[in-house]
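Notes follow once the structure below has been shown.
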Amino acid sequence: MKSVILFDSTNLALWAEEILKENDITAKMISVPRKISSDCGYCVMIDSTQKQQAEKLLLKYNIDHNEIADLEDI
Amino acid sequence: MNPIYFDNAATSFPKPDAVYTSVYNCMQVGGGNPGRSGHKMSIAAGQLVFKTRKALAEFFGVRNPMRVIFTLNATEALNLAIIGLARKGTHFITTSMEHNSTLRPLHELQKKGLINYTIVEASADGLIDPVKILDSIQTNTRAVIINHASNVTGTIQPILEIGKLCRKNNLILIADCAQSAGTVPIHIAESNIDILCLTGHKGLLGPRGTGAMILSDEFDEQELTPLKFGGTGSLSDRIDHPDFLPDKFECGTLNVPGIAGLYEGVNFISNFPGGIAVISATKNSFSRNFITHAKNQIKGFTCYSDENMRNSGVVSFNIEGISASEITQWLSENHNIMSRQGLHCAPVAHKTIGTFPQGTVRFSFGIFNTFSEIEQSISALSRLVNEK
């Protein structure tokens, strides 16, 4: 299953993508799914099994994020 | 005949080949708008902007790349910093070596009755004594604005000492690094700089129309009020402008091709053999070489840059009996040598060095210049003097 990490800022999403990739987490930028938000930006898609690891990294680098939504839920 | 380009303080030329190709590729292939959609081209453009943000943060010793705010140039960055910090009844300190991009916003704010400011006088060689800054501090002083390297004399200010005294006295330090970024090593935290303003098209070798305001990791961005509001690609459902970085100060579509070129410029400097210290030493030696030989060989030559002081590669001079504009035009037309005459947008600096209002001829050297070109320019100037 896949999850998406949401951010207020596309700039933060880009930073998060890089940090996650540097730490061997498969991360991909995608458009924010319509069911989550009508915002014009993008979010970072990861494998749901790596959610915890990703959250820890974002905390370590002080990259603010919003919810992490499982794509199955939406 | 290839031009001899001695106007690098206005804009550097040539640029590394990678700068040209990246601008072209960005226009031709990477045409997306960063942060404005989720399609591949938009994401690629966003990644390119992010990678440049990160490269600049690393280059100046900032941990958080979000603290790099892209601007059009150093002037826009300085306006953002100065006007953004202005509060009614506060006092600013600046110096007589400043560019109009600092003096004019301060003057406008003072005219409106919002702030007042003190200009600390430099010595005749353009150097600021940090003690004079200390002596100018008032109870309501909010910030100090320093031109790190002069675009008139090439004088490099003692930013470490100035930074220390600002920190000790709880003053915000704005560094105008238009001339020093990419030429003089700068570490924002070690120098206690709070806000670093730079342009991308001079020492950093990027295209014109690029610049940045970089906030140190410790500086509280709530101190700064934005000047522009608009589309950021974030929180679009709200009427309130975002208050997080960099969106708080960066809105509207960025100059992505310019930023693509700037990345390659910064990359070129970062990978320069021996690093920025070699670039700094090379430009310094160009200035020293020119001044020493010109003093010996050109009759009536007066130089306003001291060959014994550390210099950023900028030399101002005059030749007795020949106006600065006559010299630059003659060099351009007869010897294909590009230089600049006049006041260099820094009238108070010219008052300090005693060349107001006539100004000077300015030679500003770049990393691609050679000692042979300097020799040719001295021969050309000697010929001009002999013909007169």
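Every number in this text was worked out from the coordinates using simple rules, so none of it is lab data. Being a predicted model, the structure only gives us computed values, none of them experimental. Reconstructed Cβ throughout: ideal geometry from the backbone, glycine too, with neighbour counts over all protein chains shown.
What percentage of all Cα-Cα pairs in the range B:218-268 are separated by more than 14 Å? Mind showing how you got there, number by number?
On the way: 764 of 1275 pairs.
Tail of P(r) above 14 Å: 60 percent of Cα pairs.
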Taking the range A:1-50 and dividing mean pair separation by its residue count, relative contact order in percent (alpha carbons under 8 Å, at least six apart): 49
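May I ask you to derive the FRET efficiency for B:K112 and B:E190 from their Cβ-Cβ distance with R0 = 35 Å, giving the value to the nearest 0.05?
Details: r = 36 Å, r/R0 = 1.02.
It comes out at approximately 0.45.
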May I ask what percent, to the nearest 5, of DSSP beta bridges between residues of chain B are antiparallel? 50
When every alpha-carbon pair in the range A:1-50 is counted, what percent end up more than 16 Å apart? 33
Across 5 Å bins beginning at 0, the whole-percent shares of Cα-Cα pair distances in the range B:64-188 come to 2, 11, 22, 24, 22, 13, 5, 1
Set the Förster distance to 30 Å, then compute FRET efficiency between B:V131 and B:N336 from the Cβ-Cβ distance, nearest 0.05. 0.05
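Over the alpha-carbon set of the range B:17-271, divide Rg by the Kirkwood Rh and report the Rg/Rh ratio to two decimals.
Working: Rg = 18.2 Å, Rh = 18.6 Å.
Rg/Rh for the range B:17-271 comes to 0.98.
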Identify, among B:Q358, B:G84, B:Q376, the residue whose Cα sits farthest towards the positive end of the charge dipole of chain B, taking +1 on the Cβ of Lys and Arg and -1 on the Cβ of Asp and Glu, with the dipole about the Cα centre. B:G84
Please go through the range B:280-351 and write out the GluC sites (Glu not before Pro) that DSSP classes as loop and that have at most 12 other C-beta atoms within 10 Å. B:E320
Counting only DSSP beta bridges with both residues in the protein assembly as shown, what percent are antiparallel, rounded to the nearest 5? 65
In whole Hz, the Karplus estimates of ³J(HN,Hα) for the range B:66-78 (6.51, -1.76, 1.60; θ = phi - 60°; x where Gly or Pro) are 5, 8, 9, 10, 6, 10, 6, 5, 5, 4, 5, 4, 5
Which entries in the list A:K60/B:K40; B:K15/B:K283; B:K54/B:K248; B:K132/B:K168 go over 20 Å, if you measure between the two C-alpha atoms of each? A:K60/B:K40
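What do you get for GluC sites (Glu not before Pro) in chain A restricted to DSSP loop and a cutoff of at most 15 other Cβ within 10 Å of the site's Cβ?
On the way: sites: A:E17, A:E18, A:E22, A:E55, A:E67, A:E72; in loops: A:E67.
Passing sites in chain A are A:E67.
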Calculate the dipole size of chain A relative to its Cα centre from +1 charges on Lys and Arg beta carbons and -1 charges on Asp and Glu beta carbons; express the result in debye to the nearest 20. 100
The alpha-carbon pair-distance distribution computed for the protein assembly as shown, with 10 angstrom bins and whole-percent values, is 4, 20, 27, 23, 15, 7, 3, 1, 0
Provide the net charge surrounding B:L173, with neighbours chosen by a C-beta distance below 9 Å and charges set as Lys +1, Arg +1, Asp -1, Glu -1. 0
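Please state the charge dipole magnitude for chain B, taken about the Cα centre, from unit charges on C-beta atoms (+1 on K and R, -1 on D and E), reported in debye and rounded to the nearest 20. Write out the running numbers ahead of the final one.
On the way: 33 positive and 33 negative charges, 60 e Å.
For chain B, the charge dipole is close to 280 debye.
In whole percent, what relative contact order does chain B give with Cα contacts below 8 Å and a gap of six or more residues? Write down the numbers at each step before the final one.
Details: 799 pairs, mean separation 88.7, N = 388.
In percent, rounded to a whole number, it is 23.
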